[in-house]
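Structure first, then comments.
The values are calculated or read from the model by the stated rules, or taken from the named source; none is laboratory data. On a predicted model such as this, the values are computed, not experimentally measured, just so you know. Quick reminder, even Gly has a Cβ in these numbers, built from the backbone with ideal geometry, and neighbours come from all protein chains shown.
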Amino acid sequence: MLDTTEFALLRRVAVEQAERRAPSLVAAVVRGQELLWTGARGSVDGAAPTADTQYRIGSITKTFIAVLVMRLRDEGLLDLNDPLDKHVSGTSFGHLTVAQLLSHTAGLTSESPGEWWERAPGGDWPTLVESMSGEPERHRAGERFHYSNVGYGVLGQLVAELRGASWMSVLDEEVLAPLGMTRTSAMPVAPHALGWAVHPYADVLMPEPTPDAGAMAPAGQLWSTLADLARWARFIAGDTGDVLSPDTVAEMRHPAAVEDGTAWTSGYGLGFQAFRVDGRQLAGHGGSMPGFLASVVVDPATTTGALALTNTTAGVGVSALTLDLVKLVDEYEPALPAEWVPLPSVPPELLALTGEWFWGPTPFALRLLADGWLDLRPVAGAGRASRFRPVREDEWVGLDGYYAGETLRLHRHADGSPHHLDLATFVFTRTPYDPSAPIPGGLDLGTWPTQS
């Protein structure tokens with residue numbers, strides 16, 4: 001990167017570390033498949049921390065649990081609308097759905113009853129279930145966003161029961177190993193930072209405990225490094241390897257609930273936080289455990305992302321820091337658009353679909369994209385626009401916009417030439433209100449005036 005860009009990034013990190021009194025603070029910027037920049041301030045064991053120094057990442061752990069759940073969904077082993085009881089029995093909240101637990105809309109209590117779980121050794125699953133035997137719901141399921149650490153402890157157990165192994169061993173095998181994330185673990189592995197509490201009115205430190213959280217571990221147990229989390233940022237942006245489909249990750253990024261009401265600056269999808277900044281939507285997650293703070297955020301549109309790790313209980317604004325780092329990079333060195341290249345060839349039957357189609361009197365343009373995808377949008381002005389992915393011959397499914405999830409079907413003449421498109425009962429024809437098409441032009445009382 002340019003020297004001016006690197007200095008701006010380092011200064012932002014340096015100011016945060018100095019003014020917020022962080023024992024150590026490391027940060028990085030990614031774009032595409034590259035780790036563009038890393039920076040560090042403070043010290044770990046008397047030396048500057050590096051991209052290989054482990055920190056506890058807290059609730060970023062939830063993103064990994066969510067990926068394991070979505071793998072189960074994609075394999076057909078569960079449905080997101082399944083009640084918990086279908087897969088994990090014996091709880092007092094078995095009517096809550098998998099999707100509600102993933103998106104923090106189940107209404108479940110935020111913390112496990114009893115001692116502060118983040119600072120005390122955790123009990124096993126039966127102990128957690130017993131502690132939740134009263135009235136664990138704080139809101140009607142689906143009513144609102146209510147962050148629940150307990151919900152992710154439950155999802156970790158769901159993974160364990162459906163896979164027949166601990167969630168951590170499943171994570172190692174199915175996600176960490178395939179992505180090459182060898183420095184992400186349930187307990188710290190040297191070199192790692194120690195967690196500290198910084199006295200609010202004196203520049204002194206007190207060590208924080210880092211126990212095994214037991215059944216609550218899926219909510220915030222993991223440790224990781226800048227290098228490993230850089231790979232995770234790429235994953236969130238869509239570089240998923242063989243772990244998940246990019247479409248599934250895009251589904252996870254889509255907000256299912258808004259955290260801050262009408263302001264809508266932050267929301268939550270299926271395991272990922274969503275942030276709306278300057279008209280752009282970013283995704284990632286923050287993490288907080290006694291002695292540690294962490295954040296990873298990425299703009300899927302540009303693949304620019306940032307991450308930050310620090311070993312202090314409170315005070316450092318890691319989420320604001322990572323958002324600022326993304327903004328700085330995009331201001332100093334904006335991402336270049338991908339080069340346009342022509343398609344090597346296209347099937348003639350698809351090429352015949354391109355051009356102008358009419359919904360009633362309104363012209364739409366249909367463009368052919370790579371891999372047989374289609375793009376349908378109004379010729380002029382704003383309106384309902386979507387991309388469509390082929391699912392079978394003459395059928396496509398909507399990926400975004402108004403028609404997301406809807407099926408686009410091509411109907412042909414007897415000779416095989418295109419006749420009309422049917423999209424969720426809306427019929428598109430080659431001429432406005434074609435009288436030969438079903439409904440358009442066929443049931444009205446008039447026709448377009450013409451001269452003989």
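Go through region 214-257 and give me each residue that's within 15 Å of residue 287 (Cα to Cα) and touching a helix residue (DSSP H, G or I) at 6+ places or on another chain (Cβ under 9 Å).
The answer is 216, 217, 218, 219, 220, 221, 222, 224, 229, 232.
Just one of (1) crowded, with 20+ Cβ neighbours inside 10 Å; (2) within 26 Å of residue 223 (Cα to Cα) trips up residue 84, so point out which.
Tallying (1) crowded, with 20+ Cβ neighbours inside 10 Å; (2) within 26 Å of residue 223 (Cα to Cα), residue 84 fails exactly one: (2).
In region 224-231, is there at least one residue being over 22 Å from residue 27 (Cα atoms) and either in a loop (DSSP other than H, G, I, E, B) or touching a residue at least 40 places away in the same chain (Cβ under 8 Å) (or both)?
Within region 224-231 (the criterion being over 22 Å from residue 27 (Cα atoms) and either in a loop (DSSP other than H, G, I, E, B) or touching a residue at least 40 places away in the same chain (Cβ under 8 Å) (or both)), the answer is no, since none of the residues qualifies.
Does residue 13 satisfy being of a type in the set (A, V, I, L, M, F, W, C), in the same structural domain as residue 196 (by TED's automatic domain parsing), within 14 Å of residue 307 (Cα to Cα) and in contact with a Phe, Trp or Tyr (Cβ under 6 Å, 6 or more places away or on another chain)?
On the way: of a type in the set (A, V, I, L, M, F, W, C): yes; in the same structural domain as residue 196 (by TED's automatic domain parsing): yes; within 14 Å of residue 307 (Cα to Cα): yes; in contact with a Phe, Trp or Tyr (Cβ under 6 Å, 6 or more places away or on another chain): no.
Against the criterion (of a type in the set (A, V, I, L, M, F, W, C), in the same structural domain as residue 196 (by TED's automatic domain parsing), within 14 Å of residue 307 (Cα to Cα) and in contact with a Phe, Trp or Tyr (Cβ under 6 Å, 6 or more places away or on another chain)), residue 13 does not qualify.
With respect to residue 130, is the statement that it is more than 24 Å from the chain's Cα centre (by Cα) and without any contact (Cβ under 8 Å) to a residue 12 or more places away in the chain true?
Judged against the criteria, residue 130 is a match.
Considering 343, 353, which residue is more than 30 Å from residue 30 (Cβ to Cβ), part of a loop (DSSP other than H, G, I, E, B), among the hydrophobic types (A, V, I, L, M, F, W, C) and at pLDDT 90 or above? Don't jump to the end; show me each part of the working.
Working: 343 fails: more than 30 Å from residue 30 (Cβ to Cβ).
Answer to the check: 353.
Output the number of the condition that residue 171 fails; it satisfies all remaining conditions of (1) assigned to a helix (DSSP H, G or I); (2) of a type outside the set (Gly, Ala, Ser); (3) touching a strand residue (DSSP E or B) at 6+ places or on another chain (Cβ under 7 Å).
For residue 171, the exception is condition (3).
Just a yes or no: is a residue in region 50-66 surrounded by fewer than 17 Cβ atoms within 10 Å (Cβ to Cβ), among the acidic types (Asp, Glu), over 21 Å from residue 182 (Cβ atoms) and in the same structural domain as residue 233 (by TED's automatic domain parsing)?
There is no residue in region 50-66 that is surrounded by fewer than 17 Cβ atoms within 10 Å (Cβ to Cβ), among the acidic types (Asp, Glu), over 21 Å from residue 182 (Cβ atoms) and in the same structural domain as residue 233 (by TED's automatic domain parsing).
Whether any residue in region 54-72 is in a loop (DSSP other than H, G, I, E, B), within 22 Å of residue 270 (Cβ to Cβ) and without any contact (Cβ under 8 Å) to a residue 40 or more places away in the chain is what I want to check.
Among the residues of region 54-72, not one is in a loop (DSSP other than H, G, I, E, B), within 22 Å of residue 270 (Cβ to Cβ) and without any contact (Cβ under 8 Å) to a residue 40 or more places away in the chain, which makes the answer no.
With the condition kept exactly as written, say whether any residue in region 399-417 is under 26 Å from residue 345 (Cα atoms), in contact (Cβ under 8 Å) with a residue 40 or more places away in the chain and in a strand (DSSP E or B).
Yes.
Which residue pairs have Cβ atoms closer than 8 Å, lie 6 or more positions apart in sequence or on different chains, and pair a first residue in region 162-178 that is assigned by TED's automatic domain parsing to the domain that holds residue 70 and surrounded by 13 or more Cβ atoms within 10 Å (Cβ to Cβ) with a second residue that is of a type in the set (S, T, N, Q) and in a helix (DSSP H, G or I)?
Short answer, once both residue conditions are applied: 167/157.
Restricting to region 78-130, count the residues that are in contact with an Asp or Glu (Cβ under 9 Å, 6 or more places away or on another chain), under 17 Å from residue 59 (Cβ atoms) and assigned to a helix (DSSP H, G or I).
Counting residues in region 78-130 that are in contact with an Asp or Glu (Cβ under 9 Å, 6 or more places away or on another chain), under 17 Å from residue 59 (Cβ atoms) and assigned to a helix (DSSP H, G or I) gives 0.
If a residue must be surrounded by 14 or more Cβ atoms within 10 Å (Cβ to Cβ), out of contact with any Leu (no Cβ under 8 Å at 6 or more places or on another chain) and hydrophobic (A, V, I, L, M, F, W, C), how many such residues does region 414-438 contain?
Count: 2.
For region 137-157, check the following and say yes or no: at least one residue is more than 29 Å from residue 76 (Cα to Cα) and touching a Gly at 6+ places or on another chain (Cβ under 9 Å). Show your work before the answer.
Residues of region 137-157 that are more than 29 Å from residue 76 (Cα to Cα), as a first pass: 138-139.
From what's left, touching a Gly at 6+ places or on another chain (Cβ under 9 Å): 138-139.
The answer is yes, given that some residue of region 137-157 is more than 29 Å from residue 76 (Cα to Cα) and touching a Gly at 6+ places or on another chain (Cβ under 9 Å).
Go through region 179-196 residue by residue and tally those that are surrounded by fewer than 18 Cβ atoms within 10 Å (Cβ to Cβ) and farther than 16 Å from residue 50 by Cα.
Of the residues in that region, 2 qualify.
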